[in-house]
Each structure stands twice: as C-alpha cells, then as structure tokens.
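The values are calculated or read from the model by the stated rules, or taken from the named source; none is laboratory data. If you're wondering where the values come from, they're calculated on a predicted model, not measured in any experiment. FYI the Cβ positions are ideal-geometry reconstructions off the backbone, even for glycines, and counts take in every protein chain you see.
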Amino acid sequence: MNNLKDLTVIIVTFKTNEEILFNCLDSIKKGVKILVVENSSNQEFKKKIENKYNNVNVILSGKNLGYGGGNNLGLKNTKTRFALISNPDVEYNKNFFDEINLYLSGKINFSVIGPSYNDQTHYLPYGSFDLSPNHNKFDEFNLKEVDFVIGCSMLFDTKNINTEFYFDENFFLYFEEADLCRRIKLMNGKVFCSSNLLINHLGHKGSAATDPQYSIETEMFRNWHWMWSAFYYKKKYTNYFYAFFSLFGKFIRSFFKMIFFTVIYNKKKQTMYYARFSGLLNSMVGKKSWYRVKSLFD
C-alpha cells in the first residue's frame, strides 16, 4: 500500500547553493509533496523552484527565522499527518521512500524517527541526553529507541507529538532537535532511529553562511551560536547555576585564548574564541540569540 500521499517533506533554505538543493530535491521520490521554506523574500527563487518541480511549493518567510522558526512555519502549512524535516544538504538513498512507506501506515507507534547515515564512521545520527552509550538493539521494524536524533532529517507523526509547540524558536542554531526530542519524551512520546532509512549528509552546506568566501564570518557564526545554545539548553533543563558552572571553564579558556591569538595576530583563531566568549556571555546575561553574519543577513 502506498502511504506516501500522507507525507510532506519540509526543507528550510537560506540562499542555499542551488546545486546542493537540486541534488536533495532530485533524491526525493517523484510525487512526494515537498514544501520549501526560504528564509527570505526572494521571489525569483520561488518562481524558479516551482517551475522546475511540479511537486514543490515554496513559502517565503520574509526574514531569516533560523532552523527552528523555518520548520515551524513549514509545519503550520503542512496538511498531511506525517512530515519529514530535511536539511537541503541531505541526499536520500534510492530506496529511502520505499522503506519509509512502512512507517507511514499508522501501525507503528512513534513520534519521531531519524534515519541512519551511509557512512557512520565519524558520527552517529542519534545521541543520549547523559552522553551514555545506547545499547538498544534494532527491532523487527529496524527501529531502536534513542534519546534524540540529529536534526538534518526527522520523520514526524504529528498525531503523536503532544508538545505545545514544535521547535523552540529561542534557538537560532544548534540543540533544537535535542530540545524537541526531550520535550516529546517527557510527554511519553517515542523517538527512534531507523537502520533502513539511509541518507548522505554533506554537513554545514545548507545555507549561504557556509560559503568559503565567508569563512571567518561563518566560523564566528557557528561558534557564537553553539555556545549560546549550549548554555540556554543546559539552563532550560537544569538551572542557571548548573549551566553557569558547567560552562564556566569554557568561558574562561575562550577569554584567554582570544587574548593570546589577538597578540600573535591569528585572525581566524581570535575570531573563533571571541565568538565562543561572546556567545556564552550573551546567553549568561539573558540576551536573545541575536548574532548573524552581517554581509548575508542584513
């Protein structure tokens, strides 16, 4: 039975490299509904994509909402029960949508299912909240229960997600998927990783902010948001003082390394540690996740 009619793929983009986006779209089975949320007002982009792909609709958000905000907008405009969140730098194996058909039958109780990578030698597509190894085995449906899955690709059964909202838009980048999975599990939802759903993930190629010509700016962007989000996430699930003391060592090291690399004129390293220090400081004092790459986001 073909259950793909009950699925919408949501892809959030921001001035994404066209070749990377086209490779993603071309790897999705023809006929599957796709909703692209472009975090800008680029009418030319919308026209070009919708003319090229009959199964794609493009929403222009009008501003950069980030990963969480963009996906929330896509989910609000999705009519199907199942939604597959996808980064634009993901390519799906040829049998991916044949395999996913089983999980769309409604017979398997899940809130979120994450895929596996073709190459898992460097990093896993799932993790645990306490960093302990996962010893669960894959069941007869090729699923194993995990704490959270990586946000580059996530299958949602929206009927089994009983949180007040999907992604916490206080995060602009990083930790959004761990936060969502944590809230789902606190509401007794089920989060799985599938060994049969296989993808290639290029990594850090989903937006113009990853363009090599912006290497120093991008280095600052990533490091700033990683530290801001790390503190916010820890504070959200413990308390301010736990978050402060668990990250205080990184805060001090970032400060002194920033000074050191300034003295020896290493611009890239100085920028990286300044970004870590600044991201943590802003999160510690309660400021919003405001930093953007100026040449791209203004």
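Summary of computed values
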item	result
Selected residue (criterion: nearest to Ile20 (Cα to Cα)) from residues of segment 79-106 that are polar (S, T, N, Q) and assigned to a loop (DSSP other than H, G, I, E, B)	Asn87
Answer from Thr8, Thr13 - the residue that is closer than 11 Å to Pro88 by Cβ and of a type in the set (Ser, Thr, Tyr)	Thr13
Residue match in segment 158-173 (condition: assigned to a strand (DSSP E or B) and not β-branched (Val, Ile, Thr))	no
Candidate set from segment 93-150 (those that are touching a residue at least 60 places away in the same chain (Cβ under 8 Å) and among the hydroxyl-bearing types (Ser, Thr, Tyr)); member that is surrounded by the fewest Cβ atoms within 10 Å (Cβ to Cβ)	Ser105
Residues of segment 1-54 satisfying the condition of being touching a helix residue (DSSP H, G or I) at 6+ places or on another chain (Cβ under 7 Å), among the charged types (D, E, K, R) and at pLDDT 95 or above	Asp6, Lys29, Glu38
Residues located in segment 138-151, provided they are farther than 14 Å from Asp179 by Cα, in a loop (DSSP other than H, G, I, E, B) and in contact with a strand residue (DSSP E or B) (Cβ under 6 Å, 6 or more places away or on another chain)	Phe138, Asn142
Lone unmet requirement of (1) buried (at least 18 other Cβ atoms within 10 Å of the Cβ); (2) at pLDDT 95 or above; (3) in a loop (DSSP other than H, G, I, E, B) for Met154	(3)
Qualifying positions in segment 83-125 - of a type in the set (Asp, Glu) and out of contact with any Lys or Arg (no Cβ under 7 Å at 6 or more places or on another chain)	Glu91, Asp98, Glu99, Asp119
